[in-house]
Amino acid sequence: MGIRWFTHSCLRVLNYSSNLYYDGENMVKALILHGGAGSWRDESIRVKAEKVIEECTRRAWRILGESNNALNTVVEAVRCMEDSGILNAGYGSTLDLLGGRSLDAGLMTSTGLLGAVAAVKATRNPILLARIVAEETPHVLLAGGSADELAVLKGLPPLPPPPPHVVERYVQAGRKLLSGDLKQDYYMKIREFVYRHGSSYYTMLKELVNVYDTVGAVALDEKGVLAAATSTGGVILKLPGRVGDTPIPGAGFYASSTTACSATGIGEYIIRVMPCLRLDMEVSGGMDLEEALGKIMYYTEKTVGQDALGFIGVSRDGRIFYAYNTDGMLIGYMRDDGEIYVASQHPVKVKVV
């Protein structure tokens with residue numbers, strides 16, 4: 001059953017149509033960004049992050065209006081968040097268990113463009129590299145040092161040293177991990193691994209803020225093209241070499257002629273659930289969007305439990321949506337009326353705007 005479902009899911013990547021949606025006489029456009037699902041309890045971090053999301057949302061909306069190009073819009077939205085140094089992507093990426101960094105990113109459009117990179121260590125904007133993979137190579141996913149070499153060849157900016165606040169978080173989280181203060185099952189398993197494998201891991205540094213702040217953007221342009229892009233530095237205190245959901249189509253991102261989606265949370269859980277792909281399959285099969293969101297979240301909690309993930313998206317008719325089962329999720333969105341919405345806490349956790 002699992003193999004049959006996966007095969008069918010992979011085939012759906014190739015299934016695109018030219019269905020466009022008209023709102024009266026004009027095509028609609030829509031945009032939504034996320035800065036990660038999690039608690040967002042620390043006010044100083046939350047305020048800075050919300051400012052970043054507002055700035056990047058406004059910038060991306062201008063690009064969408066000027067270029068009428070969903071791909072350009074989501075790439076620039078994610079690039080803006082990668083460059084912020086505040087969110088867990090690009091320059092602001094978290095450190096792994098031994099103090100290193102490895103970044104992932106992926107993008108996809110309803111026209112069939114698809115590209116991703118994983119475990120890059122020297123590239124400031126992995127989303128730009130993912131676009132190069134999609135547009136200039138026959139591949140879907142490049143990883144590691146060779147992907148970084150391609151970035152150098154294409155003249156992409158190098159990854160600077162981590163900002164001081166990222167190092168601070170690393171130190172604090174390392175202490176919490178060793179003292180047993182991190183009670184989540186995910187981190188308890190990492191702690192068990194550390195104690196099983198000797199003192200080489202005891203020198204780690206870090207601060208866990210209980211925020212899985214991957215970044216992502218989804219847009220619909222007036223040509224009816226849907227695009228999704230996601231970028232991350234990965235979950236804090238991960239083992240070196242770990243790759244999560246972000247570069248995996250259907251998990252961290254997905255786009256078809258029906259929906260486009262970007263996910264955030266604990267990557268291992270997202271890979272098990274494949275929320276973006278499952279949602280698209282339900283809506284493409286005729287299920288109401290709101291009902292499909294509820295079904296995906298029910299399946300999520302049944303499969304991997306609470307405090308696991310969130311995702312954002314846009315449907316082909318311009319409806320913006322989000323869903324999460326963490327304490328909060330940082331979101332910014334705009335539609336044709338030009339009103340901007342930015343918040344990390346919301347009245348409901350599953351919504352079609």
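Checking Val166, Val152 one by one, the residue that is of a type outside the set (D, E, K, R), under 23 Å from Val120 (Cβ atoms) and surrounded by 15 or more Cβ atoms within 10 Å (Cβ to Cβ) is Val166 and no other.
Does Leu95 qualify as being buried (at least 23 other Cβ atoms within 10 Å of the Cβ), more than 14 Å from the chain's Cα centre (by Cα), touching a residue at least 12 places away in the same chain (Cβ under 8 Å) and not in a helix (DSSP H, G or I)?
Working: buried (at least 23 other Cβ atoms within 10 Å of the Cβ): yes; more than 14 Å from the chain's Cα centre (by Cα): yes; touching a residue at least 12 places away in the same chain (Cβ under 8 Å): yes; not in a helix (DSSP H, G or I): yes.
The answer is yes for Leu95.
Candidates Val304, Val283: the one that is without any contact (Cβ under 8 Å) to a residue 60 or more places away in the chain, over 27 Å from Asp336 (Cα atoms) and more than 10 Å from the chain's Cα centre (by Cα) is Val304. Note on the range 228-334: enclosed strands (runs of 3 or more DSSP E) holding 2 or more residues that are in contact with a His (Cβ under 9 Å, 6 or more places away or on another chain) are 259-265, 309-315, 320-324. Can you spot a residue in the range 154-175 that is charged (D, E, K, R), over 20 Å from Pro240 (Cα atoms) and out of contact with any Ser or Thr (no Cβ under 7 Å at 6 or more places or on another chain)? Among the residues of the range 154-175, at least one is charged (D, E, K, R), over 20 Å from Pro240 (Cα atoms) and out of contact with any Ser or Thr (no Cβ under 7 Å at 6 or more places or on another chain), which makes the answer yes.
Being of a type outside the set (D, E, K, R), touching a residue at least 12 places away in the same chain (Cβ under 8 Å) and in contact with a Gly (Cβ under 8 Å, 6 or more places away or on another chain) narrows it down to one of Gly100, Gly106, so name that one.
Exactly one residue qualifies, and that residue is Gly106.
The condition (being closer than 30 Å to Leu128 by Cβ, at pLDDT 85 or above and part of a helix (DSSP H, G or I)) is satisfied by just one residue among Gly155, Gly145: Gly145. Restricting attention to the range 306-321, the residues that are within 20 Å of Gly244 (Cβ to Cβ) and not β-branched (Val, Ile, Thr) add up to 7. One residue stands out among those in the range 332-352 that are hydrophobic (A, V, I, L, M, F, W, C), surrounded by 14 or more Cβ atoms within 10 Å (Cβ to Cβ) and out of contact with any Phe, Trp or Tyr (no Cβ under 6 Å at 6 or more places or on another chain): the one that is farthest from Ala37 (Cα to Cα), which is Ile340.
Residues in the range 205-227 that are at pLDDT 95 or above, assigned to a loop (DSSP other than H, G, I, E, B) and within 19 Å of Ser344 (Cα to Cα): none.
Within the range 14-39, the set of residues being at pLDDT 50 or above and in a strand (DSSP E or B) comprises Asn26, Met27, Ala30, Leu31, Ile32, Leu33, His34, Gly35, Gly36, Ala37, Gly38. Residues in the range 125-132 include at least one that is assigned to a helix (DSSP H, G or I), touching a helix residue (DSSP H, G or I) at 6+ places or on another chain (Cβ under 6 Å) and under 17 Å from Ser262 (Cα atoms).
The values are calculated or read from the model by the stated rules, or taken from the named source; none is laboratory data. On a predicted model such as this, the values are computed, not experimentally measured, just so you know. Positions of Cβ are generated from backbone atoms using ideal geometry, with glycine treated the same way; all protein chains shown enter the neighbour counts.
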